[in-house]
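Taking it in order: structure first as structure tokens, then the write-up.
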Amino acid sequence: MNQDFSKVFKTPKYTGVTLSLLSMFVLASMLVVWDKLSISPSGKNSNALEIICEIEMKQVMSSIIKSFYKECGIGSNVAFLTEKEISTFLLTESNASTKILLVKATSDEAIKNSISRNFLEKLTVGSINSDPRISSSEDPAPCPILCLVGKNVPKPSHALALARFLSAPDRGQSFLEKDGYNSLSGDPWQRTPAISIYANPKIQNDFTPAIRDFSTREGVQIEINFKKLKSVNETISIIAKSNASQYFPDFLVGYDHFLNEENLYLRLKHKDSKISCYVSKESKSLHSAKRLATSIQNYF
């Protein structure tokens, strides 16, 4: 039996209870599925992403993951399992937080609780129409396709790069759409997204560590300029009049009285946050900038 099995599936510990032959057969079947359907474009290596994917999505996700490897050089060890097998894995395994899951959304409360405990990121990367033949609704809503990133994945920046690749209209979304899935509007693909920031000098000491942590985890390049509010308003006004939208900073933070006269920026502020963030509507890294806003506001 492949020694790699123990990294993902471990025999549950029972006190005073002997596994039935049926239970042992089910567990063995899961191990066989893992062994035969694993793919690793880069071969076995410690830097490869460990991915578990619903077997229904095997064809399209295999194509996306192989394309991601060819473009980024980030390998993956992938197991394609049934929905039931994934549920069993989530409910019994202690190392779920080291994995990436590509699955359909679930309404099962026990599974949702396990996801909350083990996964830091729950990113929607598409959806699939519900089958009206098995749905109780006359007009069933599409079922979201999720990319779940474990809290303890060894390389968070690689995992989040895969999530961005899946969401990019010119990469993963084109594969999903061709395979009959509903696409969504993510950022255009950039191996290393860049975010330009204007920040209030008053928050520099607290802001810099938060930005450093975000940049490292997300694999995003950050360029910061600390400017007073008057200078920011003047700069934005000049850029707007010149019709050179590519020069707008992607992100503004720490300005409670930013003019935003032409509604060029989205204001993002959580109700419990002490700091305001603005994201340019023209940003090529719009979704990454929104994630930055959430990260900063949680930090403060």
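The values are calculated or read from the model by the stated rules, or taken from the named source; none is laboratory data. Nothing here was measured: the structure is a model prediction, and the numbers come from that model. With ideal geometry, Cβ positions are generated from the backbone for all residues, glycine too; neighbour counts draw on all protein chains shown.
Brief remarks follow.
- Matching residues in segment 207-231 - criterion: being of a type in the set (Asp, Glu) and either over 25 Å from LEU160 (Cα atoms) or not in a helix (DSSP H, G or I) (or both): GLU223
- ILE203 meets all of the listed conditions (1) in contact with a Gly (Cβ under 8 Å, 6 or more places away or on another chain); (2) closer than 30 Å to TYR69 by Cα; (3) at pLDDT below 95 but one, namely (2).
- Residue within segment 104-114 that is farther than 27 Å from SER288 by Cβ, small (Gly, Ala, Ser) and free of Cβ contacts under 8 Å to residues at least 24 places away in the same chain present: yes
- Among the conditions (1) assigned to a loop (DSSP other than H, G, I, E, B); (2) under 30 Å from TYR181 (Cβ atoms); (3) modelled with pLDDT under 50, VAL33 misses just one, which is (1).
- Residues being in contact with a helix residue (DSSP H, G or I) (Cβ under 7 Å, 6 or more places away or on another chain) and farther than 30 Å from LEU120 by Cα - total across segment 218-273: 10
- In segment 251-275, the residues that are in contact (Cβ under 8 Å) with a residue 40 or more places away in the chain form Cβ pairs under 7 Å with partners that are part of a loop (DSSP other than H, G, I, E, B) and of a type in the set (A, V, I, L, M, F, W, C), at six or more places apart or across chains, as follows: LEU252/PHE258; VAL253/ILE275; GLY254/ILE275; ILE275/PHE300.
- Only a single criterion out of (1) touching a residue at least 60 places away in the same chain (Cβ under 8 Å); (2) of a type outside the set (Asp, Glu); (3) farther than 22 Å from GLN246 by Cβ; (4) surrounded by fewer than 19 Cβ atoms within 10 Å (Cβ to Cβ) is not satisfied by GLY172, namely (4).
- Residues within segment 75-127 that are of a type in the set (Val, Ile, Thr), in a loop (DSSP other than H, G, I, E, B) and within 22 Å of GLY172 (Cβ to Cβ), tallied: 1
- Matching residues, segment 254-281, being within 27 Å of the chain's Cα centre (by Cα) and assigned to a loop (DSSP other than H, G, I, E, B): GLY254, LEU264, LYS269, HIS270, LYS271, ASP272, SER273, LYS274, ILE275, SER276, LYS281
- Condition check for GLU138: charged (D, E, K, R) and modelled with pLDDT under 95: yes
- Any hit, segment 185-194, residues being surrounded by 18 or more Cβ atoms within 10 Å (Cβ to Cβ), outside any loop (DSSP other than H, G, I, E, B) and not aliphatic (A, V, I, L, M): no
- Leading residue by the ranking (surrounded by the fewest Cβ atoms within 10 Å (Cβ to Cβ)) among those in segment 232-253 that are of a type outside the set (Gly, Ala, Ser) and part of a loop (DSSP other than H, G, I, E, B): ASN243
- The condition (being at pLDDT 95 or above and closer than 20 Å to GLU121 by Cα) is satisfied by just one residue among SER215, SER196, SER283: SER215.
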